[in-house]
1. Cβ-Cβ under 7 Å, sequence separation 6+ or interchain: first residue in the range 315-326 and free of Cβ contacts under 8 Å to residues at least 40 places away in the same chain, partner of a type in the set (A, V, I, L, M, F, W, C) and open to solvent by less than 80 Å² (accessible area, probe 1.4 Å). Which pairs?
2. Return yes or no: is GLN399 surrounded by fewer than 17 Cβ atoms within 10 Å (Cβ to Cβ), in contact with an Asp or Glu (Cβ under 9 Å, 6 or more places away or on another chain) and among the polar types (S, T, N, Q)?
3. Output the number of the condition that ASP318 fails; it satisfies all remaining conditions of (1) assigned to a loop (DSSP other than H, G, I, E, B); (2) within 30 Å of the chain's Cα centre (by Cα).
4. Looking only at the range 158-184, count every residue that is open to solvent by 50 Å² or more (accessible area, probe 1.4 Å) and touching a helix residue (DSSP H, G or I) at 6+ places or on another chain (Cβ under 9 Å) and tell me the total.
5. Does the range 47-102 hold any residues that are out of contact with any strand residue (DSSP E or B) (no Cβ under 6 Å at 6 or more places or on another chain), among the β-branched types (Val, Ile, Thr) and farther than 15 Å from HIS250 by Cα, and which are they?
6. How many of the residues making up the range 238-276 are farther than 22 Å from PHE54 by Cα, open to solvent by 20 Å² or more (accessible area, probe 1.4 Å) and among the acidic types (Asp, Glu)?
7. So, in the range 232-248, exactly how many residues are touching a strand residue (DSSP E or B) at 6+ places or on another chain (Cβ under 8 Å) and among the aliphatic types (A, V, I, L, M)?
8. Output the helices (runs of 4 or more DSSP H) that fall wholly within the range 336-442 and possess 3 or more residues being farther than 23 Å from ILE324 by Cα, or say none.
Amino acid sequence: MPFSAKELLAMLCGLGHKITLAELVDFLDNDPRAFALQKKMYITRAGAFTGQLFSFVPTQREVEQKVFVPGDRCMPFVDLDVLSYSLTFEFLGQELPKKLFSTDCNTARDMFCLYGDEFSAQYISSDPACKDLHIPERDFELPLKMNLTGISLEPIFEKVDFKYGDRILCRVYDWDKGIIEIIPILEHKLNPFQISSEDMERHKWFETLEKALLESFDSMGPCSGIEEQLANVFYEHRKELCVPDCGSIHEFLDLSKKVGMELFGVETRLWFKGQDVPAVGKWNQGLYEDTGRAIPFFALPDFVIDCYIKDQMYEKKDDLKEIIEKILPKELPISKEEKDMLALQIENRNAILRKQYNWFADFANGSLRHRALKLFGEVGSLVFELDCDNKELDMLPQQELVTLSQLYTHISRILEILSEDSECEEEEACAMELSLEGMEMNFEDIKPLLISALDKVKKNRFNVI
């Protein structure tokens, strides 16, 4: 059900939570689990997608093994935080049992490609069927042959004559618990050239989805990921897209000549087929208009400051001025009042953290955190150095600019994990170490290209009189 921020605020205050209306509105506007509606109303993902229809066609190998792998096929209708192998599928009121699916690495990646090729191996490695593969130790390279956790089609085969080419129609029954009802749609034909009314309706569905996605690229840009792009499009056009004769995202991408999966820095996005995804467009130009800067200087989260303090303790140092020097780029214009406020914040956090710090317990995380902070500082310095007028932004290489932004985000995530007192598990630490190594290489690749482009920008600022 739709709700207003005021209604949610009243409920939260009744439960004893202290939050302002402005803070709540800001949270709802930026939380991917809610959609903003007209007249300052909102609806949750659960409310938006519960009861909505989507479909997919099992591959020939899946039909031969009487199993299907959920993979990314339920995107964007289910909770992104619920891993696909843990989703529950029901047929005629009965839960379908789990069953292993034997496959090759390329097929496995295809089944998770909507998460982005850069993340597919991580989703695959979280599958219990892959627990013995130790993918982080293999530098996230998948073995040639492997198993995935699938959903058995045998109960369906016992009831209907299901064959390759037939479709599984799905309806989200319980979004919170990840329960999905399925209905087999028999569409296999003796004559593959015969066009049915369902085929014609599905052709219209593909056209509608393509038009909606192209419009979203102009209005929303590449979004934070493929899942968010699809969620926005399917919610906005649910009356036309969540219908019994719907197709699937994978079918659409195979057919579309205008929409494809394109590189966006070190990540993947849905975009205009064959075109680079730019760093800045109509969807985010407003972010820079107030300051006149192409790349606004980022504000440091509390966990980053904690990491700098813990890094000093890990190195057995006690010089708070050194922390300030590491945090602030040398060229950053900052007032004495702002610097004093930052120093006071560091001093207060330092007093709290030192009381509970244990060097021996921090030994495993300490070296990783030190390495991550070094890269974080280098990325931050380059971001500040590239800060230029919005009109000059197009002169900077767009993909390298995107990659720089993504490096900052990814390093921040690692620092957030390492800011906790608990020790990382060996496999998680190994994954972060490999990730840092890749980011260091990416940074070394893009830095000279960005600096070279910046030099040209600076030269163009001078006119001969």
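The values are calculated or read from the model by the stated rules, or taken from the named source; none is laboratory data. All values reported here derive from a predicted model rather than from experimental measurement. Cβ atoms come from the backbone with ideal geometry, glycine included; neighbour counts cover every protein chain shown. These area figures cover heavy atoms from the full protein model, side chains too; ligands, DNA and RNA do not enter into them. Shrake-Rupley method; radii C 1.70, N 1.55, O 1.52, S 1.80 Å.
1. Note: pairs meeting the criteria are LEU320/ALA343; LEU320/ILE346; ILE323/ILE309; ILE323/ILE346; ILE324/LEU342; ILE324/ALA343; ILE324/ILE346.
2. no
3. (2)
4. 3
5. VAL63, VAL78, VAL82
6. Residues in the range 238-276 being farther than 22 Å from PHE54 by Cα, open to solvent by 20 Å² or more (accessible area, probe 1.4 Å) and among the acidic types (Asp, Glu): 2 in total.
7. Here the count works out to 1.
8. Those helices (runs of 4 or more DSSP H) span 398-418.
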